[in-house]
Structures are given as C-alpha cells and as structure tokens.
Amino acid sequence: VDGSERALAAAQAATPDPAVRYVHADVTAVPLPGTPADLVYGRLLLAHLPDPLAVAERWLTQLRPGGVLVLDEVEVIDPPPGVLRDYEELVVAVVATQGGAMYAGPLLAPLGGRCVDVDVDTSVAARMFGMNLVTWRNTALSHGISDGPHLHRVAAGLAALVDAGPGQSTVR
C-alpha cells in the first residue's frame, strides 16, 4: 500500500511474483486495503507523517486478533563528525518542513516494542544518504535550509566516502 502511483508501478515492475499485489491508498486512513490483516508492516514511513503515534494506533485497529504490527523506524542516528553528520542535520530539517519528525521511534514508545542497535559501515550509509539527498535536495533549497554550494559539498563528501569503500567506521 502506497500513496505514490509511480512508486507502486516501479515496485510491481520489479516483482516477479504475479500473486504480489500493490494497492494505491492513503496509509493514514482506515480501513486499510486487505484488512483485517495478520501483519501490518511500515518501514521508514512514520517519520514523514505529522502524528506517527496516531497513525500507528489506527494501524493496530486493522489487525486480526493475534495480528502483529511491525514498525521499522529510527530512534536516533549517530554519525561520526563530518559529512555524515552534516547530512543528518540537513535531513532532519527537511523532514521537519514537511511536518514530520525524522526520529519517529521515540514518539512510538507508548506502543511498547524494542529498539535494536544497527551499525552500518560509513560507505554504505554514505551511499544511502547520497540517494536520499537527490530526492530532497530541492526541498532544502526551496525552504532555505541550505544553498546549492553546501549541498554540492555534502554530495561530494558522501560520494568520496562511498569511493573509499568499507571499513572506515560505522554509523549507529
């Protein structure tokens, strides 16, 4: 379930199993398509919504008895000083301009669950961050969060970390 027809078309094209079905719908509204469900899974979505706890609570109502809600969200990202930290500060500001909170994990604490520390090699984090930077770059510019030269320096720094390869350090 996704609100982006473009993302759904790309996902369907990349899915070899014809039994897998993608549905265009607003994930913040209930009922969700295909519910009640045994499993509702959300990955890195709630950070982009104004009230992640309220949305997650609505999702809980879409489960069958014994169903499970699995949320893959971020509690905090602790990059080493330098370009990875610069990127993180920028993306937090960009998500805030859209009414979200980059670190949705703490907002979901009333639901229980647990946090899992994940250490990611800096070259992998830089590759992910670089791909994301392309998608929100114009938002940072239009909201005055950063200027073109600064964003170019961050992009170049991320590319350099990717080119340096694994084993430099990690981001938790």
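The values are calculated or read from the model by the stated rules, or taken from the named source; none is laboratory data. This is a predicted model, so every value here is computed, not measured. All Cβ positions, even for glycine, are placed from backbone atoms using ideal geometry, and neighbour counts span all protein chains on display. Ligands, DNA and RNA are excluded from the accessible area calculation, which covers all protein heavy atoms including side chains. Shrake-Rupley method; radii C 1.70, N 1.55, O 1.52, S 1.80 Å.
Some points to look at:
Residues checked against (1) aliphatic (A, V, I, L, M); (2) modelled with pLDDT of 95 or more; (3) open to solvent by less than 60 Å² (accessible area, probe 1.4 Å):
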{"site": "M102", "(1), (2), (3)": "yes, no, yes"}
{"site": "L133", "(1), (2), (3)": "yes, yes, yes"}
{"site": "H152", "(1), (2), (3)": "no, yes, no"}
{"site": "Q168", "(1), (2), (3)": "no, no, no"}
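- From the list T35, T15, the one residue that fits, being among the hydroxyl-bearing types (S, T, Y) and either surrounded by 14 or more Cβ atoms within 10 Å (Cβ to Cβ) or modelled with pLDDT of 95 or more (or both), is T35.
Conditions (1) open to solvent by 60 Å² or more (accessible area, probe 1.4 Å); (2) part of a loop (DSSP other than H, G, I, E, B); (3) not small (G, A, S), marked per residue:
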{"position": "Y41", "(1), (2), (3)": "yes, no, yes"}
{"position": "P50", "(1), (2), (3)": "yes, yes, yes"}
{"position": "E57", "(1), (2), (3)": "yes, no, yes"}
{"position": "R64", "(1), (2), (3)": "yes, no, yes"}
{"position": "G67", "(1), (2), (3)": "no, no, no"}
{"position": "V76", "(1), (2), (3)": "yes, yes, yes"}
{"position": "P81", "(1), (2), (3)": "yes, yes, yes"}
{"position": "R85", "(1), (2), (3)": "yes, no, yes"}
{"position": "V92", "(1), (2), (3)": "no, no, yes"}
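- Considering V20, V27, V76, the condition of being at pLDDT below 95 and within 24 Å of A155 (Cα to Cα) is satisfied by V76 alone.
- Breaking point among (1) in contact with a Ser or Thr (Cβ under 6 Å, 6 or more places away or on another chain); (2) open to solvent by less than 60 Å² (accessible area, probe 1.4 Å), for V124: (1)
- Looking across region 1-21, the residues that are assigned to a loop (DSSP other than H, G, I, E, B) and under 18 Å from W59 (Cβ atoms) come down to V1, G3.
- Pairs, first under 14 Å from L39 (Cα atoms) and touching a residue at least 24 places away in the same chain (Cβ under 8 Å) in region 49-73, second in a loop (DSSP other than H, G, I, E, B) and polar (S, T, N, Q), C-beta under 8 Å, six or more apart: R58/T28; Q62/T35; L63/T35
- Candidate set: region 104-121, residues that are part of a helix (DSSP H, G or I) and either in contact (Cβ under 8 Å) with a residue 40 or more places away in the chain or among the β-branched types (V, I, T) (or both); chosen: the one least open to solvent (accessible area, probe 1.4 Å): L108
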